[in-house]
Amino acid sequence: MSTNNTTVWPGNPYPLGATWDGEGVNFALFSENAEAVDLCLFDPSGNELERIRIPEHTDQIWHCYLPEGRPGLLYGYRVHGPYDPENGHRFNPNKLLLDPYTKATVGPLDWSTHHFGYKFSGDEDFSMSEMDNAAGMPKCRVVDTAFTWGDDRPPKIPWRDTIIYETHVKGFTKLHPDVPEDIRGTYAGLASAPAIEHLKRLGVTAVELMPVHLFVDDKHLVDRGLKNYWGYNSIGFLAPDMRYSATGSISEFKTMVKRLHSAGLEVILDVVYNHTAEGNHLGPTLSFRGIDNAAYYRLTDDKRFYMDYTGTGNTLNMMHPRVLQLIMDSLRYWILEMHVDGFRFDLASALARELHEVDRLGAFFDIIRQDPVISQVKLIAEPWDVGEGGYQVGNFPVGWTEWNGKYRDAVRAYWKGDGGLVDEVAYRLTGSSDLYEGDGRRPNASINFVTAHDGFTLQDLVSYNEKHNEENGEDNNDGESHNDSWNHGAEGPTDDRAIRRLRARQKRNILATLLLSQGVPMILSGDEMGRTQNGNNNAYCQDNDTSWLSWDLSASDRRFFEFARRVVRIRRDHPVFRRRRFFGGRSLGGEDVKDIAWLDPAGREMSDEEWNDSFARSLGMQIAGVLEGERDARGRPEEDDDFLLLLNAHHEETPFTVPAHPEDARWRVILDTSYSGGLEAGSFHKPGGEYPLRARSIAVLANAREWETVEDEDE
């Protein structure tokens, strides 16, 4: 189909993408190895109206300007060049391609063999397919990005005060009875008053949204009647996925951000820049592969195949300047245009690989560090990938925080009852100085978590010994098999009251540990109210009740939510639990008072033998309320109460001698996880006395502060 209706001007090579300037639309597409590029225009029904051969080619950018183009115009590209897989080229003009810079799309991807660039002839990918895929492809849509932000300002919550809530846009409100039915499971639903009220009541400060970039439901899942619920299968890095939109407009996402900001909540996006939805050499041709396969992807020496550090079949080529530009342009767009407050980078080690080794000083990090926009938001790395040497916890540069997998593993194993972990737990409780202090980073470099989207929920962590992923259709072979979980005597739901009570106590232990550790805590959505996935620890394809939050809470669920609120409040009210600096174990102000002391059950400082005792399961941590060098937002010296944390993962009660210093202390219990609400009657304990630390519990005692007396019966 040739052009004979539309006026075409040369246009400009910058900015990339389709840009409405108030008069017309400029189109610009990078392809280093293409021989020609066609811009295809479509009507609202998806019928191709016109095919325009782009006339201009500047610095490997193909560009034109349509003076009659307007927002709402639907388009895609067809790119001409060699189909030569053995040399890394997979051009095929029979395939309509998504613009890597598209800001919105219309329509679903309807799977068929038409989307594959090769013939299904038994010759694998050597023969080029001549089938046209346009009828089943989403269409890019030109957008007007204007939006009335008013006085919207990012909350800019300091890292030390941050509590992250990892959630899924759809799953959070899909079943919420108080959210209007027509917006449940959408950006608008997340912005609704009932959703925000829950977040505010809990006390979190940031929502970390699982991927909202345009993504694809994998063909193998669709063929089995499943979906890619998690969304880690991106194909467009500047477009919010419209399956989460009640209105089909990108302004709905902006409204969500604005309303969350008004409530004092930050928005962090989980972003997937390490790979795309096009898979390996036998995957579909949807965008990057057909635009310039050799530029966008990391290829092996045999250029027919892809280097796969992600487990998805391909890895984006971060060594190419235009690929780096795409990612940086995407990040800046979400900050400047969408007002988000930070990013969590999926499989971030893959982004750091310069050649094969992970290079912590790679171009990706260098560019971000000097960028005046990106460097100023929250940057969180998932510090591993599936390649050799990919586990990089503790090795990311200054300015980055990291999902601390070592924290997760230590806390899980300790409360499961494994011995010989008190030294490891001590490091994790105090911000993991062994991982971060040597590089000049602070405790907030550690994003502490025990559960996340990938793995068991908190309820399942204490209810199952084994994963139960049969519904995923992979014979229970998917998902992690080593979970450090414990079912406490029965696999899954049980009517045994003793087991249920012990599980509830263990949940309190784990959540209290998380929220009272130095570093930045991250709570998995629903953990605060007993969400279960019925033992599925890899529910990536379960877009149903398995993954959606249930708001029909039992009495025990409501009790646990109130416990979570209580511990969040303790953290919020006491800066001693969210220090800016690591503990030094040093004396303060010339006095014989240490900023932290580690105690055995006899109230004495731990000896080397006790630290290395393979049977040790109890630990005391005394924290001085004088925070040396710590100052509040106005520069005033910061002080707090003295605190005593007592941990007992043993199956028997351990009497704990209250430390002798300070001599005039009146230690009052403010938290005890052996009680169903986490608090007994606020009893006082003098130095030298014994505290009856119950089996598998945490007690928190404070010196010198009055606390409300709450009568709370044991379970």
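Whether any residue in region 440-456 is over 21 Å from the mean Cα position of the chain (by Cα) and either farther than 20 Å from residue 596 by Cα or small (Gly, Ala, Ser) (or both) is what I want to check. Yes, region 440-456 contains at least one residue that is over 21 Å from the mean Cα position of the chain (by Cα) and either farther than 20 Å from residue 596 by Cα or small (Gly, Ala, Ser) (or both). Restricting attention to region 266-320 and to residues that are among the acidic types (Asp, Glu) and within 26 Å of the chain's Cα centre (by Cα), the residue that is farthest from residue 90 (Cα to Cα) turns out to be 266.
Taking first residues from region 601-625 that are more than 24 Å from residue 578 (Cβ to Cβ) and assigned by TED's automatic domain parsing to the domain that holds residue 641 and partners that are of a type in the set (Asp, Glu) and not in a loop (DSSP other than H, G, I, E, B), the Cβ contacts under 7 Å between residues at least 6 apart in sequence or on separate chains come to 611/423; 616/610. A single entry from 79, 106 fulfils the requirement of being surrounded by fewer than 20 Cβ atoms within 10 Å (Cβ to Cβ) and modelled with pLDDT of 95 or more: 106.
The residues in region 475-514 that are within 25 Å of the chain's Cα centre (by Cα), surrounded by fewer than 15 Cβ atoms within 10 Å (Cβ to Cβ) and farther than 27 Å from residue 427 by Cα can be counted, and the count is 1.
When 346, 385 are checked against the criterion of being in contact with a Pro (Cβ under 8 Å, 6 or more places away or on another chain) and closer than 22 Å to residue 231 by Cβ, 346 stands alone in meeting it. Of 99, 110, all but one fail to be touching a residue at least 24 places away in the same chain (Cβ under 8 Å), in contact with a strand residue (DSSP E or B) (Cβ under 8 Å, 6 or more places away or on another chain), acidic (Asp, Glu) and within 18 Å of residue 235 (Cα to Cα); the exception is 99. The requirement of being in the same structural domain as residue 270 (by TED's automatic domain parsing), among the basic types (Lys, Arg) and over 25 Å from residue 233 (Cβ atoms) is fulfilled somewhere in region 364-382, by at least one residue. Of all residue pairs spaced 6 or more apart or on separate chains, none has beta-carbon atoms under 7 Å together with a first member in region 289-310 that is closer than 20 Å to residue 115 by Cβ and a second member that is assigned to a helix (DSSP H, G or I) and at pLDDT below 95. Restricting region 1-33 to residues that are under 36 Å from the mean Cα position of the chain (by Cα) and outside any strand (DSSP E or B), the residue that is surrounded by the most Cβ atoms within 10 Å (Cβ to Cβ) is 31. For region 451-492, the tally of residues that are within 10 Å of residue 538 (Cβ to Cβ) and in contact with a helix residue (DSSP H, G or I) (Cβ under 6 Å, 6 or more places away or on another chain) stands at 2. Does residue 302 meet the test of being among the acidic types (Asp, Glu), modelled with pLDDT of 95 or more, surrounded by fewer than 22 Cβ atoms within 10 Å (Cβ to Cβ) and farther than 24 Å from residue 14 by Cα? Judged against the criteria, residue 302 is a match. Can you spot a residue in region 307-322 that is of a type in the set (Phe, Trp, Tyr), on the phi < 0 side of the Ramachandran plot and either at pLDDT 95 or above or part of a strand (DSSP E or B) (or both)? So far as region 307-322 goes, no, none of its residues is of a type in the set (Phe, Trp, Tyr), on the phi < 0 side of the Ramachandran plot and either at pLDDT 95 or above or part of a strand (DSSP E or B) (or both).
Only one of the listed residues (499, 510) is without any contact (Cβ under 8 Å) to a residue 24 or more places away in the chain and on the phi < 0 side of the Ramachandran plot. That residue is 499.
Looking across region 453-500 at every residue that is of a type in the set (Lys, Arg) and touching a Ser or Thr at 6+ places or on another chain (Cβ under 8 Å), the one that is nearest to residue 558 (Cα to Cα) is identified as 500. Would you check if residue 427 is in contact with a Pro (Cβ under 9 Å, 6 or more places away or on another chain), modelled with pLDDT of 95 or more and in a helix (DSSP H, G or I)? Against the criterion (in contact with a Pro (Cβ under 9 Å, 6 or more places away or on another chain), modelled with pLDDT of 95 or more and in a helix (DSSP H, G or I)), residue 427 does not qualify. Would a scan of region 608-624 turn up a residue that is β-branched (Val, Ile, Thr) and at pLDDT below 90? No, that holds for no residue.
When region 167-189 is limited to residues that are in contact with a helix residue (DSSP H, G or I) (Cβ under 7 Å, 6 or more places away or on another chain) and outside any helix (DSSP H, G or I), the one that is surrounded by the fewest Cβ atoms within 10 Å (Cβ to Cβ) turns out to be 178. If you check 386, 340 for being modelled with pLDDT of 95 or more, assigned to a loop (DSSP other than H, G, I, E, B) and not polar (S, T, N, Q), only one passes: 340. Assessment of region 46-55 against the conditions (surrounded by fewer than 23 Cβ atoms within 10 Å (Cβ to Cβ), part of a strand (DSSP E or B) and in contact with a Gly (Cβ under 8 Å, 6 or more places away or on another chain)) yields no matching residue.
For region 119-130, taking the residues that are touching a residue at least 24 places away in the same chain (Cβ under 8 Å) and crowded, with 16+ Cβ neighbours inside 10 Å, the one that is farthest from residue 42 (Cα to Cα) is identified as 125.
The one condition from (1) of a type in the set (D, E, K, R); (2) surrounded by fewer than 23 Cβ atoms within 10 Å (Cβ to Cβ); (3) in contact with a Lys or Arg (Cβ under 9 Å, 6 or more places away or on another chain) that residue 59 does not meet is (3). Does region 279-296 contain at least one residue that is in a helix (DSSP H, G or I), more than 30 Å from residue 161 (Cα to Cα), β-branched (Val, Ile, Thr) and at pLDDT 95 or above? Among the residues of region 279-296, at least one is in a helix (DSSP H, G or I), more than 30 Å from residue 161 (Cα to Cα), β-branched (Val, Ile, Thr) and at pLDDT 95 or above, which makes the answer yes.
The values are calculated or read from the model by the stated rules, or taken from the named source; none is laboratory data. Treat the numbers as computed from the prediction; the structure is a model and nothing was measured. Because the Cβ atoms are built from the backbone with ideal geometry, glycine has one as well, and the counts that use them run over all protein chains shown.
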